[in-house]
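Down below is the structure, laid out as structure tokens.
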4 protein chains.
Amino acid sequence: MKNIRAAVAELHAELVRYGLVVWTAGNVSGRVPGEDLFVIKPSGVSYDELTPENMVVCDLDGNLVEGEHAPSSDTAAHAYVYRNLPEVGGVVHTHSTYASAWAARGEAIPCVLTAMADEFGGEIPVGPFALIGDDSIGQGIVETLKGHRSKAVLMQNHGVFTIGKDAKAAVKAAVMCEDVARTVHVARQLGDPLPIAQDDIDRLYDRYQNVYGQRSPR
Amino acid sequence: MKNIRAAVAELHAELVRYGLVVWTAGNVSGRVPGEDLFVIKPSGVSYDELTPENMVVCDLDGNLVEGEHAPSSDTAAHAYVYRNLPEVGGVVHTHSTYASAWAARGEAIPCVLTAMADEFGGEIPVGPFALIGDDSIGQGIVETLKGHRSKAVLMQNHGVFTIGKDAKAAVKAAVMCEDVARTVHVARQLGDPLPIAQDDIDRLYDRYQNVYGQRSPR
Amino acid sequence: MKNIRAAVAELHAELVRYGLVVWTAGNVSGRVPGEDLFVIKPSGVSYDELTPENMVVCDLDGNLVEGEHAPSSDTAAHAYVYRNLPEVGGVVHTHSTYASAWAARGEAIPCVLTAMADEFGGEIPVGPFALIGDDSIGQGIVETLKGHRSKAVLMQNHGVFTIGKDAKAAVKAAVMCEDVARTVHVARQLGDPLPIAQDDIDRLYDRYQNVYGQRSPR
Amino acid sequence: MKNIRAAVAELHAELVRYGLVVWTAGNVSGRVPGEDLFVIKPSGVSYDELTPENMVVCDLDGNLVEGEHAPSSDTAAHAYVYRNLPEVGGVVHTHSTYASAWAARGEAIPCVLTAMADEFGGEIPVGPFALIGDDSIGQGIVETLKGHRSKAVLMQNHGVFTIGKDAKAAVKAAVMCEDVARTVHVARQLGDPLPIAQDDIDRLYDRYQNVYGQRSPR
């Protein structure tokens, strides 16, 4: 639990570093391994003030279990994801500029970069318009991402949710999502990006999921 | 008074952090509770050199009451707002890029993001073209924002003024204003953002004003 | 001389801070009061390594007078300006992105922002295409700016040169030039900025030159 | 070897400083003088954690010779370049936004800035679409850059590879490539940049290669 608190608190610094958030408008959560609990950002607290201690612990219905602050106002969406996608260990939400711009038009980001094929295995899809306050956002995330290779969804007129095997993987997906959203946007401003054949996308995705990065330590 | 001086001095760092200002072109002020006074940035002093001590105190007519420096050249506009909107405790002025670009076209920012509905409750309106030197700018701000949900106004060909219950709230509005100005601009570059129904805007605004953030400490 | 060396060395940090330069592609110089000399950046030295000691001193023909490094490759242009515009005490050169983009199209930046009227008194003009290696660039700068209110010139397909009463004023002009170049660019991407009447530009310019900032210390 | 390890590790900080990379998506390598070896970034390790010690040494077939981590997944492309271009002492790969956007459209960057003529001697060319996993990327780089003045190639739908006489020169080319990719993009958004005559491009390139920067120390 202590480790998850520390990891979730620290990972918010990556959202700041990559310019994905302003003020308090974005949050990271991480599932507590072996328990029906997750750690999430407290609501309305600035990124500079986050510590392992002021992180908040919730159960999978989004109820506060441990913490001196109220949980993020997006807690219900995170909880719905953990409840319905047991393989997910981390969730991130941001309003990062370029991804949110695609979301405002309700337009999926086409897969025209090898880095996108690597990380997302195809386009980044759009989820429905949904109001905060009940399970609508969570349902929209899960319905869009279930069975999809993409770990990111653009919620219409809203922003991005990403998932991962742990909080760090979800943060990486949020960083990469904004990066490709920006590059494809810039490419499209002056013409049409060239498509990548589906076969090549499949090969890139398969390789990246199985080969990239450090293997076991030695 | 000491607290307000410190808060106003420190809050300028947020304008720098979020890239809303260059050189000395932006300023924060805060009303002194219970007195007909406000604290404001000294004119032409760089953000690195701001301290609680070199902040300037003015009365509600914009006259210098306390301070070794001349007050910001935008002081008359701040003073007019405090004189005419008693519920306002903080005012911010910037020339932030995207908001000023909408202002240069004299075009309101349409409410196509849930974060905009939350914070501004609708579009961010345009105020008149007004010259510095008398009450024209102040009048333009007050006439545009009086009875409007938005805490930000785009002054035509000029920049942004935001208001809030205190200086921090006005700074937050300035940060959010630039953020949504940028995202909606980017969205519009490649097509038309999808509208959000007025009913949904109303629900989001109402919820955010009443539910978001930390309640009383416990 | 020691003060000018320190000021010129330090002012390069402002070019970095505001993102006006990459690698070593930009330079500041300052005239030595009462002497036919100026201090300028050494060529090909990174901004992190600049110190008062490694600054270079040249005469008004651009000849090296003092210093262990070769002077900036733009020294001839700076020298020409000091030789021909005796009121100029500082010169800055950058390839800042937005200003250079206007320069690449050979298009003056129209005065559609009050901040532009304040600082530049009208449009920012374009100078000729000129090769490095003789006085062509210097001549282009002087011919364009002589008798013009603007302290900045966009040299076609090249970048920006700015002048000022001292090095700090020239750096401020470079910072403001990029800021308005970016804002007007962004405004134009989605339509036509509204014009400002010439009378109003004149009033703003006159006021800013005579009223703004701190008067004499007290 | 120790020096090359330290230089390659440190130079990654320049990719971060100029915003050319996010997460772990970019890498620098440097040839070990007098040996058929090169030093390269370990795969999947974050830029903050790079040290001279965790750099990886490979032979010119891309086989791991020394190091506790797996080499960058782009090692085969770096190796192919060192094997086939003996004058190259450094290679850099990034997915920097604006260069990658030109690459996504498969469009060369036209030489419309004097800084581009200086550094690249003409347009920045596009290389073929190539999958990771064999020598395809390396071949595409070498075939495109062999006999070309440009030290940068835009690999279609992928990103940028740059070469140089050492790792630092290749990093400089990567920084300048993104800078001109961005400026020319911005210029093109509002019209057509003016061309530079081939003769002038030739003169600028020749001068910059032979005159710029510090001569031998004295």
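The values are calculated or read from the model by the stated rules, or taken from the named source; none is laboratory data. Every value quoted in this text rests on a predicted model; they were computed, and no experiment measured them. Here Cβ is always computed from backbone atoms with ideal geometry, including for glycine, and neighbour counts include all displayed protein chains. The accessibility values were calculated without ligands, DNA or RNA, using every heavy atom of the protein model including side chains. Shrake-Rupley method; radii C 1.70, N 1.55, O 1.52, S 1.80 Å.
Taking the criterion of being open to solvent by 30 Å² or more (accessible area, probe 1.4 Å), at the interface with chain C (Cβ under 7 Å from one of its Cβ atoms) and more than 12 Å from D:D118 (Cα to Cα), the only residue of the range D:193-211 that qualifies is D:L194.
Among the conditions (1) touching a helix residue (DSSP H, G or I) at 6+ places or on another chain (Cβ under 7 Å); (2) crowded, with 19+ Cβ neighbours inside 10 Å, A:V16 misses just one, which is (2).
Comparison of B:G106, B:G89 shows that the only residue that is over 18 Å from B:H185 (Cα atoms) and not hydrophobic (A, V, I, L, M, F, W, C) is B:G89. On inspection, A:V160 does not qualify as open to solvent by less than 10 Å² (accessible area, probe 1.4 Å) and within 14 Å of chain D (Cβ to nearest Cβ).
Just the residues that are part of a helix (DSSP H, G or I) and at the interface with another protein chain (Cβ under 7 Å from one of its Cβ atoms), please, taken from the range B:102-112. Matches in the range B:102-112: B:A104, B:R105.
State whether the residues of the range C:75-92 include one that is modelled with pLDDT under 95 and under 16 Å from the mean Cα position of the chain (by Cα). No, because not a single residue in the range C:75-92 is modelled with pLDDT under 95 and under 16 Å from the mean Cα position of the chain (by Cα). Among the conditions (1) open to solvent by 10 Å² or more (accessible area, probe 1.4 Å); (2) part of a loop (DSSP other than H, G, I, E, B), C:R5 misses just one, which is (2).
Evaluation of D:R207 against the conditions (1) within 27 Å of C:L131 (Cα to Cα); (2) at pLDDT 95 or above shows that the sole unmet condition is (2).
For the range D:113-131, taking the residues that are surrounded by 24 or more Cβ atoms within 10 Å (Cβ to Cβ) and among the aliphatic types (A, V, I, L, M), the one that is farthest from D:L11 (Cα to Cα) is identified as D:L113. Among the residues of the range B:146-172, the ones that are touching a strand residue (DSSP E or B) at 6+ places or on another chain (Cβ under 9 Å) and over 30 Å from C:Q198 (Cβ atoms) come to 13 in all. Of the residues making up the range B:165-191, not one is at positive phi and under 15 Å from the mean Cα position of the chain (by Cα). If you go through the range A:99-112 and pick out every residue that is open to solvent by 20 Å² or more (accessible area, probe 1.4 Å) and of a type in the set (A, V, I, L, M), you end up with 1.
Of all the criteria given as (1) out of contact with any Asp or Glu (no Cβ under 6 Å at 6 or more places or on another chain); (2) open to solvent by less than 20 Å² (accessible area, probe 1.4 Å); (3) in contact (Cβ under 8 Å) with a residue 24 or more places away in the chain, the one not satisfied by B:S96 is (1). Filtered by the rule that a residue be facing chain D (nearest Cβ under 7 Å) and either without any contact (Cβ under 8 Å) to a residue 40 or more places away in the chain or open to solvent by 30 Å² or more (accessible area, probe 1.4 Å) (or both), the range A:176-191 gives A:R182, A:V186, A:Q189, A:L190, A:G191. For the range A:138-153, state whether one or more residues are touching a residue at least 40 places away in the same chain (Cβ under 8 Å), touching a His at 6+ places or on another chain (Cβ under 9 Å) and open to solvent by less than 10 Å² (accessible area, probe 1.4 Å). The answer is yes, given that some residue of the range A:138-153 is touching a residue at least 40 places away in the same chain (Cβ under 8 Å), touching a His at 6+ places or on another chain (Cβ under 9 Å) and open to solvent by less than 10 Å² (accessible area, probe 1.4 Å). What is the number of the single condition among (1) in contact (Cβ under 8 Å) with a residue 40 or more places away in the chain; (2) open to solvent by less than 10 Å² (accessible area, probe 1.4 Å); (3) not charged (D, E, K, R) that C:V56 does not meet? Exception for C:V56: condition (1). Scanning the range C:22-31 for residues that are outside any loop (DSSP other than H, G, I, E, B) and within 14 Å of chain D (Cβ to nearest Cβ) yields C:G26, C:N27. The single residue among C:G19, C:G34, C:G62, C:G44 that is outside any strand (DSSP E or B), of a type outside the set (F, W, Y), closer than 25 Å to D:E178 by Cβ and more than 17 Å from the chain's Cα centre (by Cα) turns out to be C:G44. Restricting D:I132, D:I124 to those that are more than 14 Å from chain C (Cβ to nearest Cβ) and more than 28 Å from A:Y208 (Cα to Cα) reduces the list to D:I124.
This table checks each residue for (1) in contact with a Lys or Arg (Cβ under 7 Å, 6 or more places away or on another chain); (2) farther than 20 Å from C:T97 by Cβ.
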{"position": "D:R83", "(1), (2)": "no, yes"}
{"position": "D:T97", "(1), (2)": "yes, no"}
{"position": "D:A101", "(1), (2)": "no, no"}
{"position": "D:A115", "(1), (2)": "no, no"}
{"position": "D:P128", "(1), (2)": "no, yes"}
{"position": "D:M155", "(1), (2)": "no, yes"}
{"position": "D:F161", "(1), (2)": "no, yes"}
{"position": "D:K165", "(1), (2)": "no, yes"}
{"position": "D:V175", "(1), (2)": "no, no"}
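Condition first: aromatic (F, W, Y), in contact with an Asp or Glu (Cβ under 8 Å, 6 or more places away or on another chain) and surrounded by fewer than 21 Cβ atoms within 10 Å (Cβ to Cβ). Can you find one or more residues in the range B:30-49 that meet it? Taking every residue of the range B:30-49 in turn, none turns out to be aromatic (F, W, Y), in contact with an Asp or Glu (Cβ under 8 Å, 6 or more places away or on another chain) and surrounded by fewer than 21 Cβ atoms within 10 Å (Cβ to Cβ).
Within the range D:87-101, can one find any residue that is in a loop (DSSP other than H, G, I, E, B) and within 14 Å of another protein chain (Cβ to nearest Cβ)? The answer is yes, given that some residue of the range D:87-101 is in a loop (DSSP other than H, G, I, E, B) and within 14 Å of another protein chain (Cβ to nearest Cβ). Taken over the range C:56-85, the criterion of being within 14 Å of chain D (Cβ to nearest Cβ) and over 13 Å from C:I137 (Cβ atoms) is satisfied by C:V56, C:L64, C:E66, C:G67, C:E68, C:H69, C:A70, C:P71. Contact annotation: residue pairs with Cβ atoms under 9 Å, 6 or more positions apart or on different chains, pairing a residue in the range B:108-121 that is on the phi < 0 side of the Ramachandran plot with a partner that is of a type in the set (V, I, T) and part of a loop (DSSP other than H, G, I, E, B), are B:C111/B:I196; B:V112/B:I196; B:L113/B:I196; B:T114/A:I132; B:T114/B:I196; B:M116/B:I196; B:A117/B:I196; B:D118/A:I132.
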